[in-house]
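Comments concern the structure below.
The values are calculated or read from the model by the stated rules, or taken from the named source; none is laboratory data. Since this is a predicted model, take the numbers as computed values, not measurements. No Cβ is skipped: glycine too gets one built from the backbone with ideal geometry, and neighbour counts run over all protein chains shown.
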Number of protein chains: 4
Amino acid sequence: MARIAILGATGYTALELLKILARHPQAEVVAATTRQDSKPHISEIHPSLTGLFDLRCTALTPEQTGHLCDIAFCCLPHTASMEAVPQLLDAGCRVVDLSADYRLKDPGVYEKWYEHIHTDPTRLSTTVYGLPEIYADRIRTADLVANPGCYTSTCILALAPLLAEKLIEPTGIIIDAKSGISGAGRTLKLSNLFSECNESVTAYSIGKHRHTPEIEQILSDIGGVSVQVAFNPHLMPMDRGIFCSIYPRLEGQHTQAQLLEVYRQFYAGQPFIRVVDQIPTTKDVSFTNFCDITVRFNRDQLVVFAAIDNLIKGASGVAIQNMNLMLGLDQRMGMLKC
Amino acid sequence: MARIAILGATGYTALELLKILARHPQAEVVAATTRQDSKPHISEIHPSLTGLFDLRCTALTPEQTGHLCDIAFCCLPHTASMEAVPQLLDAGCRVVDLSADYRLKDPGVYEKWYEHIHTDPTRLSTTVYGLPEIYADRIRTADLVANPGCYTSTCILALAPLLAEKLIEPTGIIIDAKSGISGAGRTLKLSNLFSECNESVTAYSIGKHRHTPEIEQILSDIGGVSVQVAFNPHLMPMDRGIFCSIYPRLEGQHTQAQLLEVYRQFYAGQPFIRVVDQIPTTKDVSFTNFCDITVRFNRDQLVVFAAIDNLIKGASGVAIQNMNLMLGLDQRMGMLKC
Amino acid sequence: MARIAILGATGYTALELLKILARHPQAEVVAATTRQDSKPHISEIHPSLTGLFDLRCTALTPEQTGHLCDIAFCCLPHTASMEAVPQLLDAGCRVVDLSADYRLKDPGVYEKWYEHIHTDPTRLSTTVYGLPEIYADRIRTADLVANPGCYTSTCILALAPLLAEKLIEPTGIIIDAKSGISGAGRTLKLSNLFSECNESVTAYSIGKHRHTPEIEQILSDIGGVSVQVAFNPHLMPMDRGIFCSIYPRLEGQHTQAQLLEVYRQFYAGQPFIRVVDQIPTTKDVSFTNFCDITVRFNRDQLVVFAAIDNLIKGASGVAIQNMNLMLGLDQRMGMLKC
Amino acid sequence: MARIAILGATGYTALELLKILARHPQAEVVAATTRQDSKPHISEIHPSLTGLFDLRCTALTPEQTGHLCDIAFCCLPHTASMEAVPQLLDAGCRVVDLSADYRLKDPGVYEKWYEHIHTDPTRLSTTVYGLPEIYADRIRTADLVANPGCYTSTCILALAPLLAEKLIEPTGIIIDAKSGISGAGRTLKLSNLFSECNESVTAYSIGKHRHTPEIEQILSDIGGVSVQVAFNPHLMPMDRGIFCSIYPRLEGQHTQAQLLEVYRQFYAGQPFIRVVDQIPTTKDVSFTNFCDITVRFNRDQLVVFAAIDNLIKGASGVAIQNMNLMLGLDQRMGMLKC
């Protein structure tokens, strides 16, 4: 039974982690931290967890937490995470970091997009990027795994086969991404209010969204070529789900059937990738760790569609996949029968 | 006081027409037809109209209806409309047709996309396309106006200035369009059920959506060149609103400010077009006849954003604009103070 | 043309007021105030108003504002309002106060429920309660009108005929009230976040909601007897709308038809009350100033159902009704054809 | 490994059953039937199940199905169920019937509320009502379990302790029940359309809802006295969740703390009942088999609040609880760690 700690237990990703851990047969949550002084019971922060955990939050330091657990999930905001992670690792536990702090290899890129100096830059080059469909072998032995962003996972999974097989041009890829509101976190800001979001669709952060360099870094690694995307995020009036409509420029002539076959071979044996014939819907992957993908032609224009649950496959589900791999368990454990 | 008739009063576009007409100072609804045998009062079909109209639906023929009114709004489904419109015109009234039957100039294109023979093909070439921002002069004197589709209006208004000024390539224009569910009409089909649509986003009719040839026909007319788009519609879990994210290929170098100025000059004096600095939201145009437009650059990729209320500016509001023009009234009447 | 000022222009009630005033033929908005230092244009605060007003917000004092206008709408929070209103009145304008500060006659009751000393207690007894269906005559000549709460209006309108005609017991009236989220205002708090409210229903403030004494005060006035209600508010995952299900104890034997007739006579000539046969829906009154009411029997238990749009009939629409009455205009002006 | 069959696989309750069974360690789905001629794969009917089952639907007769399985879940509509159940039982399998056909003991009551003759009336008196918190012992050995209605479970669980302890009057109990739209099933009717339900709240079937006699029958059994309720169902614009606000008349004086203690003792050891201090929300029980309950006083009026997920605790989750009991398994299996 692996001992698990969660740093930063108040947000939605921590909540979803805890829901999965509540039914995981090989993991036990031994600590959860918050910055709240009151040290609330976990079910006071998340009433939906009532009865599932006998767990009061603590104000332990990362070092203290690291001594208690085998795996720590770091759900802190970026910049807070890079302060905690070195202490956790020094204390001897292994870490899945759900923040953005260890996703980018180049501290200069980090500093440009996040407008903050990286205080742990030497660790960036050795951190393993936690996308199990691509990097499972490295994840198994990693001490520190950088869990991917939600948009990022969707875009990478949707494009990886085409870039690995050199079927599309690596630049000029237009991504029109749609996310539910939970992607914005449990944050008090006007644009997160129900009365602002509901019955409304809009775009935001055009040309400035921080998942852009992450998508490009990993796709460049997969494709062995410098990949460039125009990433355009939009907000949808729903809780959960990311739906990406991706418009790449195809190289050569290929049919829809041929391309679907490329996807099916690329993802053969992957339990959480479903290459489907129909166009996916976010509802069909809601509350699951699946990523559903298909392709279509609109006249000559190739379109790739991919859908995930942003809090599960986009955050906490893939974190559990990573934990399972790190612990030598079946990566489905806690999520699918295995 | 103009006498108004509505053919096909049970759907959402008829409802929105009636709501606007209920406060229009120069129009009086004298007849509304349905195929229902029971001849219900209009407030039995649409309880929200209770107290606004003393109007019982009739089963009048189009010819009879045409004798009663000055303007008929034809809210019938396509193929039903092309049967009714000739009778209405013969009876001497003028017609705003909200179906797709008279939008396309070429009967062959109609038959290809709608899979139905056009029974009134000779009228197509002379029918006026009811987009007031482009064709106001012709609308004023028209006997038959083909009211545009909801996606269509949004895409045309978003692209017209760029094509008229030859600032973008006319082909390879990618349109990622998002619509609320009311765009699918008041139709009993599984995909319209609340429990199917809610908390879900998906794409549909990729390469097959019937608004495609309409967009291309009108943009080609505006641009004086053959325009080709890849139109990709999506469904959003909300009642109302269309949000289009459009990715054209820019010709030459232009800044965001220069392009916004092009839009502002193109739409100078148009009461329902708002060229805005911020990215529009569907909520900001909900229950209005406005179309909000802006442009952004995502690195080198130009993106045009446009938002409307699909039932108002996308259907019934523009129909009233057309009616106002046909009657020699201020086109804002019934919708904005004028 | 009446000169109108709005104090506190950033909230949803101010927005809805401005939308109605934008089409009102006899009112001109001459000033809008905010506490924001930046003095934004009104369309920066509310992008949906773009093009409708050439109006920059000011930081005028209430006294200065009062000199500029004929009618001031006070959209400030409670306790702020009681500071501004005396200054406005002293400056010679008339006031519709949308806060709770002048609704209760008894300063002791105010202090008990709002936990704040009333600094203008002597004015309470003479302030006119702004429910036009009951107090139109007093509203016409009032200098200060206290605009009712949203739940309050719904409950009073639903129960007034039964209490006036002494058809129900005045105590033990159970009210199960359901409201959309906009009723909670444009306030940054966790419970207003989309991801908290969406796909969720709950109850709140049981036994403590501040609309309780207001409902009881006005119903006691109408019924000539001390009325006591158990008011139970709930939150629904939608923007707009209040739906009240009210369970009174009937005195004597009456049929549904008889009771509906009592309602129809009581509200004869009222343009915004619709006594309907079907059970109302909030959608049928959304974006209108209507209140739809019906009654049913569930075995022996009488149930009254009433629905309004909480931001229109529950706040800004009734405020315009009050303004119209104060200006000697048709109370429908700006909202219905008249 | 128990062999499971599902009759009537196209609806939402079948879908939720299958989702739970997909992770149940002691159950294997061996058959699923539909009336569709095409014999679709289960993932064609429910794309969300892609990859979870290798299962093509069949048109087997109930008798044939009964021979294949240990437990059959009957998800047919009422009246269809009473035709299938006898055949299933004759074939030797045990049955959990999710329809209403076997819930009522008295065929006369069934015929009055369902307006249909019961064709298997003699079995009614011996059928076990499948509410595990009350009837677990009988469920364990039953051949036929009548799975409760969704509203029914909520109301019974909310009132059982008060009636068993004789703390409230058994008549005049007012229930104001709120349900998400999935409760209406996957049925093509106007009132189920997204554009009708969304952004709307209303009441329906006042005095006529078929869960009324079921609530009364079971509560009368629990209380040992004839119980009568005024049950008032409402529709909320969300997918899932039932929230009941119940207004009984208290006998004697009791505090909130005392009553909560009564609930906690009554439900001691029940894994799916959470007696909570805060007012429940449907979101906190969404996608779970929990029923959250609390009580409040609004002045003298007792209010009981209870929330469930209508498709899980209200249908398919409790069906799995029943199956687990029938199989001698931990009733949490497949739903909670055990």
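Would you say D:E111 is without any contact (Cβ under 8 Å) to a residue 12 or more places away in the chain and part of a helix (DSSP H, G or I)?
yes
Keeping to the stretch A:42-64, report how many residues are crowded, with 20+ Cβ neighbours inside 10 Å, out of contact with any strand residue (DSSP E or B) (no Cβ under 8 Å at 6 or more places or on another chain) and either assigned to a loop (DSSP other than H, G, I, E, B) or touching a residue at least 40 places away in the same chain (Cβ under 8 Å) (or both).
Residues that pass the stated criteria total 2.
Output the number of residues of the stretch C:197-211 satisfying the condition of being surrounded by 24 or more Cβ atoms within 10 Å (Cβ to Cβ) and more than 7 Å from every other protein chain (Cβ to nearest Cβ).
Within the stretch C:197-211, residues that are surrounded by 24 or more Cβ atoms within 10 Å (Cβ to Cβ) and more than 7 Å from every other protein chain (Cβ to nearest Cβ) number 1.
Of the residues C:S153, C:S125, which single one is surrounded by fewer than 16 Cβ atoms within 10 Å (Cβ to Cβ) and in contact with a Lys or Arg (Cβ under 8 Å, 6 or more places away or on another chain)?
Selected residue: C:S125, the only one of C:S153, C:S125 that is surrounded by fewer than 16 Cβ atoms within 10 Å (Cβ to Cβ) and in contact with a Lys or Arg (Cβ under 8 Å, 6 or more places away or on another chain).
Select from the stretch B:1-26 the residues that are crowded, with 24+ Cβ neighbours inside 10 Å and in a strand (DSSP E or B) and list them in ascending order.
Correct list: B:I4, B:A5, B:I6, B:L7.
Could you please let me know if A:D277 is free of Cβ contacts under 8 Å to residues at least 60 places away in the same chain, surrounded by fewer than 18 Cβ atoms within 10 Å (Cβ to Cβ), within 30 Å of B:M238 (Cβ to Cβ) and outside the structural domain of A:P132 (by TED's automatic domain parsing)?
yes
Being out of contact with any Lys or Arg (no Cβ under 8 Å at 6 or more places or on another chain) and within 14 Å of chain C (Cβ to nearest Cβ): is that true of D:V227 here?
yes
Restricting attention to the stretch C:56-93, which residues are within 17 Å of C:A27 (Cβ to Cβ) and over 25 Å from the mean Cα position of the chain (by Cα)?
Answer for the stretch C:56-93, where residues must be within 17 Å of C:A27 (Cβ to Cβ) and over 25 Å from the mean Cα position of the chain (by Cα): just C:L68.
If the requirement is being within 20 Å of the chain's Cα centre (by Cα) and among the acidic types (D, E), which of these qualifies: D:E165, D:E169, D:E214, D:E199?
Criteria check complete, one pass: D:E214.
Is the stretch A:128-143 home to any residue that is in contact with a Cys (Cβ under 9 Å, 6 or more places away or on another chain), part of a loop (DSSP other than H, G, I, E, B) and in the same structural domain as A:C75 (by TED's automatic domain parsing)?
yes
Quick check, is A:F194 among the aromatic types (F, W, Y), surrounded by 24 or more Cβ atoms within 10 Å (Cβ to Cβ) and under 18 Å from the mean Cα position of the chain (by Cα)?
no
When the stretch A:171-191 is examined, which residues are found to be closer than 27 Å to A:L124 by Cβ, in contact (Cβ under 8 Å) with a residue 40 or more places away in the chain and away from chain B (no Cβ under 14 Å)?
Scanning the stretch A:171-191 gives A:A184, A:G185.
With the requirement that a residue be surrounded by fewer than 23 Cβ atoms within 10 Å (Cβ to Cβ), touching a residue at least 60 places away in the same chain (Cβ under 8 Å) and charged (D, E, K, R), what does the stretch B:65-103 give you?
Within the stretch B:65-103, B:D70, B:R94 meet the criteria.
Identify all residues within the stretch A:190-213 that are closer than 24 Å to C:H46 by Cα and outside any loop (DSSP other than H, G, I, E, B); write none if there are none.
Once the filter is applied, which keeps residues that are closer than 24 Å to C:H46 by Cα and outside any loop (DSSP other than H, G, I, E, B), the stretch A:190-213 yields A:L190, A:S191, A:N192, A:L193, A:F194, A:S195, A:E196, A:C197, A:T202, A:A203.
Name the residue, out of A:F297, A:F290, that is crowded, with 24+ Cβ neighbours inside 10 Å, touching a Gly at 6+ places or on another chain (Cβ under 8 Å) and not basic (K, R).
It is A:F290.
Out of B:G185, B:G223, report the one residue that is over 30 Å from D:F287 (Cα atoms) and out of contact with any Ser or Thr (no Cβ under 9 Å at 6 or more places or on another chain).
B:G223
Restricting attention to the stretch D:27-41, and to residues there that are β-branched (V, I, T) and assigned to a strand (DSSP E or B), which single residue is nearest to D:A319 (Cα to Cα)?
If we take residues in the stretch D:27-41 being β-branched (V, I, T) and assigned to a strand (DSSP E or B), then D:V29 is nearest to D:A319 (Cα to Cα).
Which fully enclosed helices (runs of 4 or more DSSP H) of the stretch D:219-338 have 1 or more residues being farther than 23 Å from D:T13 by Cβ?
Where helices (runs of 4 or more DSSP H) fall fully within the stretch D:219-338 and carry at least 1 residues being farther than 23 Å from D:T13 by Cβ, they are D:256-266.
Could you run through the stretch D:300-326 and say how many residues are of a type in the set (D, E, K, R) and surrounded by fewer than 24 Cβ atoms within 10 Å (Cβ to Cβ)?
1
Among the residues of the stretch D:101-138, what is the count of those that are touching a strand residue (DSSP E or B) at 6+ places or on another chain (Cβ under 9 Å), under 22 Å from D:L163 (Cα atoms) and not charged (D, E, K, R)?
5
Do the conditions hold for B:A257, that is, is it among the aliphatic types (A, V, I, L, M) and more than 9 Å from chain A (Cβ to nearest Cβ)?
Yes: the conditions hold for B:A257.
Within the stretch B:147-189, can you find the residues that are part of a helix (DSSP H, G or I) and modelled with pLDDT under 95?
Those that are part of a helix (DSSP H, G or I) and modelled with pLDDT under 95: B:G183, B:A184.
Run A:K39 past the list (1) in contact with a helix residue (DSSP H, G or I) (Cβ under 7 Å, 6 or more places away or on another chain); (2) surrounded by fewer than 23 Cβ atoms within 10 Å (Cβ to Cβ) and report the number of the one that doesn't hold.
So A:K39 meets the others, but not (1).
Taking the condition of a type in the set (A, V, I, L, M, F, W, C), closer than 17 Å to C:T202 by Cα and in contact with a Phe, Trp or Tyr (Cβ under 7 Å, 6 or more places away or on another chain), does C:I242 pass?
yes
Name the one entry in B:S200, B:S226 that is in contact with a Pro (Cβ under 9 Å, 6 or more places away or on another chain) and closer than 29 Å to D:C197 by Cβ.
Only one candidate passes the filter, namely B:S200.
Does C:D292 satisfy being more than 19 Å from the chain's Cα centre (by Cα) and facing another protein chain (nearest Cβ under 10 Å)?
no
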